[in-house]
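Contents: one structure, followed by commentary.
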Amino acid sequence: MVDYMKSNRREVIAGVVLVTLLATYLGTHPRGASTYVMTIWANQCLILGLAACAQFFAVVVRGIDLSVGAVMALTNCIASYLLDGSAVGIAMGMVAVPVAGALCGLLNGLVIVYGRIQPIVVTLATASIFVGIALLLRPTPGGAVNYDLADAMTLDLLGMPTALIITVVVVLGFWLPFRRTGLGLGLYALGSSEQAAFQSGIDTRVIRLAAFTLAGLFGGLAGLFYSFVTTTGDAGIAAGFTLNSIAAVVLGGVLLRGGVGSLIGALAGAFILKTIASLMFFSGIPSLAQPLFEGMILAAAIAIGGADVLRARNKLEVFS
Amino acid sequence: MRRRAGTRAAAPFIAITMSGNGTPLLEMRNISKHFGATKALDGVDFTCNAGEVHAVLGENGAGKSTLMKLIAGVLQPTQGQLCVDGREVFLATPQAALRQGLVCMFQELSLVPDLTVRENLLLGAPGAGLGWLRGTGLEKAQDVLTRIGGAQIRMNARVADLTLPQRQQVEIAKAIMKKPRLLILDEATSALSASVVEQVFDLVREERDSGTAVLFISHRFHEIEALADRISVFRNGQRVETFMKGDHSYSEIIGMMVGQKIEELFPPKSPAREGSDVVLDVRNYTWEGRVRNVSLSVRRGQILGLGGLDGQGQGAFLMGLFGLLRKADGTTAISGQIADIRSPKDAKRQDVSLAYIPEDRKTEGLILDQSIRENLELAALGRPDLDAGDPALYAGSLDQLALKHGGLNLPVSSLSGGNQQKVVLAKWLALNPRCLLLADPTRGIDVKTKTQIYAILRQLADQGTAIVLLSTDYEELIQLCDETHVFFDGEVVAALSGDDLTPENIIAATLNVATPSRAAHG
């Protein structure tokens, strides 16, 4: 147990912080820990949580994905066309929206791997393209999502918020098994030491392609869930989600240098960030001052994460 | 043979090679590998037979590691052919080499630091694709680890938390579990203790006896004595000779490694100046267990050599003198004054006036995309008594160094390696340093420029500069240096000067054996 906590200390810290914040939030909320409060909280958290998952796959291979928000905007707009009407049409739309996200990610990956261009440049460019398409689809917010489906995904099941159930499914049904596959291992190897991965006979190109495709897939899932929560399509949501997804993975203990962190951490980071925002909403801090406080909390979290540098005994290591 | 019986179509070939009539397992014909102007390997023929341990010997830079990387598919040859079982193959990636059964245990460790031991073993293990990892072969790896004294290494420990010897043990297990047909051990045991080395050797002999070819690179003669069947000596990118163990004595082998004396490369040494002032005096320098109790002093006009195998603390010591290391113990005195040097900025102060030429000029010595002029100004910037923008500051040293360039405004990356090194030198010479610290300044530089740099160093010494020269080249330590200190495991194990400055003594000291004669019989 001690061993486990030591090797996963980043996730453990993020978990403790999250539980503390949530307890404070529910304690100060006028309606307390009711299903209603929990459901709204969980929906907000899961949107950013899925975006953070998308960012995690890019960051863990020592990349970054500035198109996470753009993929969300695009898939959200697509969903606003496809998720209404006949049952069969909706079912196909449920598949088509994440696939669209995955294709966006695959495009990022192809340009990064075969164009040999840094992820930050590629995703900055593709982000504009994705938002551009989204704006063509939805010049102004609109469209509709089937209400029954939206309710099923965003309310609760026997008092348990559906968003939390989805979170558990992502972790238990996807992440934990995925971590035990060659691809899951390869992601970390690539991010931690590309040279060692290459020398161990790993196909680094396939792994990097897969990482960005997964990032796109989760961006698409985030866009899909966002559609269920808002039931409209809006092309203007990109910027905020991209930046917050980066903040979330950092808070969740995922190192931007790659190779360290987990999807659980990324989810926890996103939940922390959203809980802080909710807390401030009820804490009486003027809403104009909220970005200031959010920024300070984020800066403090990153500073703690960077404290390892103080242990370097060779000054040149600080720069590497 | 049993566990190999099922492996692909290759099995019949093993039978042939085992019986010893014909096709070698691996044959390299006329292989060359060039890095720009540097010829790491030049027209090498090399063969490797199944069931044999083939040792490869040579100085640093002789081309051994390049040869191994070609076989492991990490590098591809500039020209020449590589044949496995007599059929020509092209090894584009390490995967391609693995499919041929060519497995390398790399000198630079190939373990991923952030993953656990178990995960590292699974990485690229036979049969492990991108899908579910079943963990086949882990028992074998655990078995190997136990046999080579690594039983206490926990499978779920992070590799970054392991000690260097433990990482080498994991590397060995990782290589063996891939069931190699050709196993390359590149300095595989450099950090292991003698008893563990013996266990590793037992394992390697067992592999050999079951038909594996083993390529063995080591700097330790007693290890080669213990393990090798056949020996090849490399020098300057060429294979000098291949012979069975016992055909040549140690001094003959060392002679082959060192090669012909090229005295005319080096300027004549100046007569010893016993009376001149001590410029740099270091007492009991210690850092992090990697440098231990080093004391030495350099006089005006003296060139002091620092020798030893890679990573024995000499590089860290030089960095430490220049203020790059934190929490180091010991005292440094400059011209009799105790100096507290905590950063390069302290080190270049007028009253200290040290200059450091780093080992990797491309990343640490130069800003490649900036112009030659801007690079030249970098060292003088921040010295209140100097005007970094004044071209006159550099004119003298550029003349002296005979820098070949197409204009000072061109990026420094447009220069050849040798001329880049001259820019690094020139920027520090502008400060007129009292003591020059150089970390392997001639690595990867052509012979002509080397000769120029030797002449300049001697000239600077004659003008009164004290010089500390770290080198991996025995010739430099002997021909250029007035005195050479050899590092082993963080300590100075020998201080050689005058007639003691011989290749045999230096090699003996780098291997930390008392005298070459004892090494030969021990």
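The values are calculated or read from the model by the stated rules, or taken from the named source; none is laboratory data. All values derive from a computational prediction rather than experimental measurement. No Cβ is skipped: glycine too gets one built from the backbone with ideal geometry, and neighbour counts run over all protein chains shown.
Between A:Val131, A:Val168, which is over 24 Å from A:Ser80 (Cα atoms) and more than 14 Å from every other protein chain (Cβ to nearest Cβ)? First the steps, then the outcome.
Details: A:Val131 fails: over 24 Å from A:Ser80 (Cα atoms).
After ruling out the rest, the residue left standing is A:Val168.
Among the residues of the stretch B:238-270, what is the count of those that are in contact with a Leu (Cβ under 7 Å, 6 or more places away or on another chain) and either of a type in the set (Val, Ile, Thr) or at pLDDT 85 or above (or both)? Working first, answer last.
Step one: of the stretch B:238-270, the residues in contact with a Leu (Cβ under 7 Å, 6 or more places away or on another chain) are B:253, B:257, B:266.
Adding the requirement that they be either of a type in the set (Val, Ile, Thr) or at pLDDT 85 or above (or both) leaves B:253.
So the answer is 1.
Got a number for residues in the stretch B:289-301 being surrounded by fewer than 17 Cβ atoms within 10 Å (Cβ to Cβ) and under 19 Å from B:Gly323 (Cβ atoms)?
Result for the stretch B:289-301: 2.
Checking B:Val89 against (1) of a type outside the set (Phe, Trp, Tyr); (2) over 23 Å from B:Gly237 (Cβ atoms); (3) surrounded by fewer than 24 Cβ atoms within 10 Å (Cβ to Cβ), only one condition comes out false. Which one?
Here B:Val89 meets the rest and fails (2).
Name the single residue, out of those in the stretch B:411-428 being hydrophobic (A, V, I, L, M, F, W, C) and either in contact with a Ser or Thr (Cβ under 6 Å, 6 or more places away or on another chain) or part of a helix (DSSP H, G or I) (or both), that is modelled with the lowest pLDDT.
So in the stretch B:411-428, the residues hydrophobic (A, V, I, L, M, F, W, C) come out as B:412, B:415, B:423-426, B:428.
Narrowing the set further to residues that are either in contact with a Ser or Thr (Cβ under 6 Å, 6 or more places away or on another chain) or part of a helix (DSSP H, G or I) (or both) leaves B:412, B:423-426, B:428.
Details: B:Val412: 88, B:Val423: 92, B:Val424: 92, B:Leu425: 92, B:Ala426: 92, B:Trp428: 92.
Among them, the one singled out is B:Val412.
With respect to A:Gly191, determine if the residue is of a type outside the set (Ser, Thr, Tyr), touching a residue at least 40 places away in the same chain (Cβ under 8 Å), within 14 Å of chain B (Cβ to nearest Cβ) and buried (at least 16 other Cβ atoms within 10 Å of the Cβ).
yes
Which one of these is within 14 Å of chain B (Cβ to nearest Cβ) and at pLDDT 80 or above: A:Leu256, A:Leu292?
A:Leu256
Since B:Gly131 meets every condition but one in (1) touching a Ser or Thr at 6+ places or on another chain (Cβ under 8 Å); (2) facing another protein chain (nearest Cβ under 10 Å); (3) among the small types (Gly, Ala, Ser); (4) buried (at least 16 other Cβ atoms within 10 Å of the Cβ), which condition does it not meet?
Evaluating B:Gly131 over (1) touching a Ser or Thr at 6+ places or on another chain (Cβ under 8 Å); (2) facing another protein chain (nearest Cβ under 10 Å); (3) among the small types (Gly, Ala, Ser); (4) buried (at least 16 other Cβ atoms within 10 Å of the Cβ) leaves (4) as the failure.
Specify which of the listed residues (B:Lys179, B:Lys140, B:Lys174) is within 10 Å of another protein chain (Cβ to nearest Cβ) and in contact (Cβ under 8 Å) with a residue 24 or more places away in the chain.
Among B:Lys179, B:Lys140, B:Lys174, only B:Lys174 is within 10 Å of another protein chain (Cβ to nearest Cβ) and in contact (Cβ under 8 Å) with a residue 24 or more places away in the chain.
Spot the failing condition for B:Asn284; the list is (1) surrounded by fewer than 14 Cβ atoms within 10 Å (Cβ to Cβ); (2) within 14 Å of chain A (Cβ to nearest Cβ); (3) in a strand (DSSP E or B), and only one is missed.
All conditions pass for B:Asn284, except number (2).
Could you say whether any residue in the stretch B:408-429 is in contact with a Gly (Cβ under 6 Å, 6 or more places away or on another chain) and buried (at least 20 other Cβ atoms within 10 Å of the Cβ)?
yes
Name the residue, out of B:Gly51, B:Gly36, B:Gly80, that is small (Gly, Ala, Ser) and modelled with pLDDT under 90.
B:Gly36
What residue, among those in the stretch B:142-169 that are under 21 Å from B:Glu288 (Cα atoms) and in a loop (DSSP other than H, G, I, E, B), is nearest to the chain's Cα centre (by Cα)?
Only one residue fits best here, namely B:Thr163.
For the stretch B:294-321, give me each residue that is in contact with a Ser or Thr (Cβ under 7 Å, 6 or more places away or on another chain) and within 14 Å of chain A (Cβ to nearest Cβ).
Hit for the stretch B:294-321 is B:Leu321, nothing else.
When you go through B:Gly330, B:Gly336 one by one, which is the residue that is surrounded by 17 or more Cβ atoms within 10 Å (Cβ to Cβ) and assigned by TED's automatic domain parsing to the domain that holds B:Ala316?
None of the other options fit; the residue is B:Gly330.
So B:Ala494 ticks every box in (1) within 28 Å of B:Leu192 (Cα to Cα); (2) touching a residue at least 24 places away in the same chain (Cβ under 8 Å) but one. Which box is left unticked?
The single condition B:Ala494 does not satisfy is (2).
What number of residues within the stretch B:143-171 satisfy the criterion of being of a type in the set (Lys, Arg), farther than 16 Å from A:Ser200 by Cβ and within 13 Å of another protein chain (Cβ to nearest Cβ)?
Number of matching residues: 2.
Of the residues in the stretch A:215-258, how many are surrounded by fewer than 24 Cβ atoms within 10 Å (Cβ to Cβ) and within 16 Å of A:Leu187 (Cα to Cα)?
The total comes to 4.
Could you please give the count of residues in the stretch B:377-400 that are assigned to a helix (DSSP H, G or I) and either closer than 26 Å to B:Asp351 by Cβ or aromatic (Phe, Trp, Tyr) (or both)?
Looking only at that region, the number is 11.
If you scan the stretch B:353-376, which residues turn out to be in a helix (DSSP H, G or I) and within 29 Å of B:Gly313 (Cβ to Cβ)? Lay out the reasoning, then the answer.
Residues of the stretch B:353-376 in a helix (DSSP H, G or I): B:361-365, B:372-376.
Of everything in the stretch B:353-376, those that are in a helix (DSSP H, G or I) and within 29 Å of B:Gly313 (Cβ to Cβ) turn out to be B:Arg361, B:Lys362, B:Thr363, B:Glu364, B:Gly365.
Given the condition aliphatic (A, V, I, L, M) and within 12 Å of chain A (Cβ to nearest Cβ), answer yes or no: does some residue in the stretch B:78-91 qualify?
Narrowing the stretch B:78-91 to residues aliphatic (A, V, I, L, M): B:82, B:84, B:89, B:91.
Imposing the further condition that a residue be within 12 Å of chain A (Cβ to nearest Cβ) reduces the set to B:91.
The answer is yes; a qualifying residue exists.
Quick one: which residue in B:Leu431, B:Leu408, B:Leu403 is touching a residue at least 40 places away in the same chain (Cβ under 8 Å) and assigned to a loop (DSSP other than H, G, I, E, B)?
Sole residue among the options that is touching a residue at least 40 places away in the same chain (Cβ under 8 Å) and assigned to a loop (DSSP other than H, G, I, E, B): B:Leu431.
Would you mind finding the one in A:Ala23, A:Ala33, A:Ala91 that is part of a loop (DSSP other than H, G, I, E, B) and surrounded by fewer than 19 Cβ atoms within 10 Å (Cβ to Cβ)? Lay out the reasoning, then the answer.
On the way: A:Ala23 fails: part of a loop (DSSP other than H, G, I, E, B); A:Ala91 fails: part of a loop (DSSP other than H, G, I, E, B).
Result of the check over A:Ala23, A:Ala33, A:Ala91: A:Ala33.
Could you please give the count of residues in the stretch A:145-168 that are assigned to a loop (DSSP other than H, G, I, E, B), in contact (Cβ under 8 Å) with a residue 12 or more places away in the chain and either over 21 Å from A:Ile78 (Cα atoms) or touching a Phe, Trp or Tyr at 6+ places or on another chain (Cβ under 9 Å) (or both)?
Taking the stretch A:145-168 and keeping what is assigned to a loop (DSSP other than H, G, I, E, B), we get A:145-146, A:155, A:158-159.
So of that shortlist, the ones also in contact (Cβ under 8 Å) with a residue 12 or more places away in the chain come out as A:145-146, A:155, A:159.
Still in the running and either over 21 Å from A:Ile78 (Cα atoms) or touching a Phe, Trp or Tyr at 6+ places or on another chain (Cβ under 9 Å) (or both): A:145, A:155, A:159.
Looking only at that region, the number is 3.
For the structure I just gave you, tell me whether B:Leu82 is outside any strand (DSSP E or B), in the same structural domain as B:Val204 (by TED's automatic domain parsing) and buried (at least 17 other Cβ atoms within 10 Å of the Cβ).
no
Does A:Thr140 fit the bill of being facing chain B (nearest Cβ under 10 Å), more than 18 Å from A:Gly265 (Cβ to Cβ) and of a type outside the set (Gly, Ala, Ser)?
Answer is no for this residue.
Restricting to the stretch A:194-205, count the residues that are facing chain B (nearest Cβ under 7 Å) and either part of a helix (DSSP H, G or I) or farther than 12 Å from B:Cys104 by Cα (or both).
Of the residues in that region, 6 qualify.
Could you list, in sequence order, the residues of the stretch B:367-379 that are closer than 18 Å to B:Leu393 by Cα, of a type outside the set (Ser, Thr, Tyr) and in contact (Cβ under 8 Å) with a residue 40 or more places away in the chain?
Start the filter on the stretch B:367-379 by keeping residues that are closer than 18 Å to B:Leu393 by Cα, which leaves B:371-379.
Within this subset, residues satisfying the condition of being of a type outside the set (Ser, Thr, Tyr) are B:372-379.
Matches in the stretch B:367-379: B:Ile372, B:Asn375, B:Leu376, B:Glu377, B:Leu378, B:Ala379.
It is to be established whether one or more residues within the stretch B:348-355 are surrounded by 16 or more Cβ atoms within 10 Å (Cβ to Cβ) and among the β-branched types (Val, Ile, Thr).
Yes, some residue in the stretch B:348-355 is surrounded by 16 or more Cβ atoms within 10 Å (Cβ to Cβ) and among the β-branched types (Val, Ile, Thr).
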